[in-house]
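I have placed the structure first, in the form of structure tokens, so that the comments after it can refer back to it.
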Amino acid sequence: MTSALTTERATAGARLLGLLARDLAPDRLTTDPGGTAAYAADRSGTRPDGQPLAVVHAARTDDVRIALRHANDLRVPVVPRGAGTGLSGGATADEGSLVLDLARMNRITEIAPDDQLAVVEPGVITADLDRAAAAHGLRYAPDPASAAISTIGGNIATNAGGLRCAKYGVTRDSVLGLEAVLADGTVIRTGRRTVKGVTGYDLTALLTGSEGTLGVITSATLRLRPVPVATATVAAYFATFEAAADAATAITAARVVPAMAELLDGPVLGAIDDAQGSGLRGSGEALLLVQCDGAGALAEAEEVVRVLRKARAVSVRLTTDPAEADALLAARRLALPSIERAGRPLIEDIAVPRSRLAEAVREIAAIAARNDVRIYTLAHAADGNLHPILVVDPASPGVPEAAWRAAGEVFATALRLGGTLTGEHGVGLLKRRWVADELGPDNHALQWRLKAAFDPNGILNPGKAI
């Protein structure tokens, strides 16, 4: 960077700080380096270049509007941030950027039981919304493994999936409308409170999954669903991960639509055992967890059991007791925290057609062996979404070349099998080098034109998503 450009950016940064100090309440702005450093990185482990200029702690839409208007005028990059639990580097903030922290916008402003919807601010914790809905016999269907710590705004930004997406879809399927602030401070409202609606282009769907590169979400109208009258949960162990993947495909072929089907390989089970003192891996080299819900939950689960036994499961267990089911599903929720204890995780997020799940599993194992890289794999098996987690030495100053090579081979495998680079975590920083391979030149160019229409000066989360 030239000295003239460095001076220009420093001047713009100083002017921005003065304007924000003038126009925002004193408790809304952090400029001390000791306070801003904590907002530089997210859970992905990506290490940013330097640290942010400042952090705006937005408590209302007007705070967001003011911050963006001034930053846009001065061409200062802005990084929107929720809880910082993202896994692709989407909330990392480099030197001289302004972090827009939305955690204080954490109010559930409305729950409308008759319309089965909620209106919430972006900083609401996902599990808190689910608990509030439960008081009305409803629930928020998207159920990411990070529900206890992730925010609704972050879920919308990445179009998060989760454990129940096999039956209820990803976040986009539950977002009816949004309030968002564009790069120049313009506040727009998209969508509606109705389930149906096709007036105009679907800007709600476009903003969902855009990773903060098109606008900053300040309110969301979300679809709620009735709590199921019954659930039935099946846990099955298999001798190999490939056999478990084949069994998951067999469930789909049997025309059963479970609410969730989660698959954990042997290394994941071993990591959980090491961290939690359990003995899961002693029961098999793969664990498949399937949950059915609704009035026919038990009948569907019994059909799942028949399919899994035919698929040569080592053991199969069925329960309709909610407490027992929670204990079984705890293994899935403990997977990532347990793997994090084994080293620095690089969490990938490919999806393939469901019929090719076992093929993807075979390829991932071969890639790990070929590159001498540790890969722990878990999956939302019912929709073909795999998380091959590469674990590297946390003392390494960067990502080892072997890990990048293995990641590239995993992505190439996903595309060759007719899949995608990311099913629910987003592109962020970590996958940008492969985006053009999936989109192709014409589609990729169109994406950039859309970005320019929303954010002509390119200040919103630059270097992310596309």
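No value in this document is a laboratory result; all are computed from the given coordinates. This is a predicted model, so every value here is computed, not measured. Virtual Cβ from ideal backbone geometry, glycine too; neighbours counted across all protein chains shown.
Taken about its Cα centre, the chain carries a charge dipole of roughly 480 debye when the Cβ of each Lys and Arg holds +1 and the Cβ of each Asp and Glu holds -1.
Extending 7 Å from the Cα toward the beta-carbon at both Asp27 and Arg60 defines two label points whose distance is 1.4 nm.
Panel order for Cys292, Cys165, by other beta carbons found within 10 Å of each beta carbon, from fewest to most: Cys165, Cys292. Label sites at Val229 and Arg416, each approximated as a point 7 angstrom past Cα along Cα to Cβ, lie 4.9 nm apart. State the label only: which of (i) 89, 61, 35; (ii) 96, 65, 43; (iii) 68, 55, 45 corresponds to Cα extents along the principal axes in Å computed from the shown model? Here the calculated entry is (iii).
Based on Cα contacts under 8 Å between residues 6+ apart, the chain shows a relative contact order of 15 percent. With a Förster radius of 30 Å applied to the beta-carbon distance between Ala366 and Ala436, the computed FRET efficiency rounds to 0.75. Only helices reaching 27 angstrom along their own axis (Cα) with mean Kyte-Doolittle hydropathy no lower than -1.0 count here, and for the DSSP H runs of the chain these are 3-23. Full extension of the chain segment joining Arg344 with Asp393 gains 17.0 nm, where the gain is 0.36 nm per residue of separation less the Cα-Cα distance. Once the Cα-Cα distance is subtracted from the 0.36 nm per residue extended length, the Glu110 to Ala295 segment shows a gain of 63.7 nm. Sorting 382-391, 436-445 by their mean Cβ neighbour count within 10 Å, with the most densely packed peptide first, gives 382-391, 436-445. Orientation-averaged projection of region 229-329 equals 5.8 nm² [convex hull of Cα atoms, one quarter of hull surface area]. Taking the helices alone, the chain has a mean residue ellipticity at 222 nm of -11000 deg cm²/dmol, built from -39,500 (n - 2.57) per DSSP H run of at least 4 residues and averaged over all its residues. The calculated FRET efficiency for Asp326 paired with Asp184, based on their beta-carbon distance and R0 = 56 Å, is about 0.75.
Computing FRET efficiency as 1/(1 + (r/R0)^6) for Ser278 and Thr7, where r is the C-beta to C-beta distance and R0 is 45 Å, gives about 0.20. Relative contact order, whole percent, for region 108-226 stands at 32, derived from Cα pairs under 8 Å and 6 or more residues apart. The count of lysine pairs in the chain that are at least 8 places apart or cross chains, and whose C-alpha atoms lie under 29 Å apart, stands at 7. The length gained on full extension between Ser355 and Arg192, counted as 0.36 nm times the residue separation minus their Cα-Cα distance, comes to 55.1 nm.
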